[in-house]
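Worksheet: one structure, shown below.
We did not get these values from a lab; they are worked out from the coordinates using the rules stated. Bear in mind the structure is a predicted one, so any value in this text is a computation, not a measurement. Cβ coordinates were reconstructed from backbone atoms using ideal geometry, including for glycine residues, and neighbour counts include every protein chain displayed.
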Amino acid sequence: MPEGHDVEHDTAEISSEYECLQCGKIVRAETHPGECPECGGDFQNRAKSLE
Ligand SMILES: [Zn+2]
């Protein structure tokens, strides 16, 4: 494999997982998804540590 190519090696972590606090639905989004499309509940960013 030739070196010097502009290889896309980093597709990681531009988005975060959010979990619905009410129904547990998981979505991936770059920004906060707002409210859950399933139940209208609030999402919490799973990447953040819980208090
Ligand atoms: Zn929900």
If amide H atoms are modeled at 1.01 Å from N in the peptide plane, then the residues at a separation of 5 or more from Arg46, or on another chain, having amide H under 5 Å from its own are Glu17, Tyr18, Glu19
Which length gain, in nm to one decimal place, applies between Arg28 and Asp42 when the Cα-Cα distance is subtracted from 0.36 nm times their residue separation?
3.6 nm
Quick one: net charge of Lys25's neighbours, Cβ under 13 Å, K/R +1, D/E -1?
-3
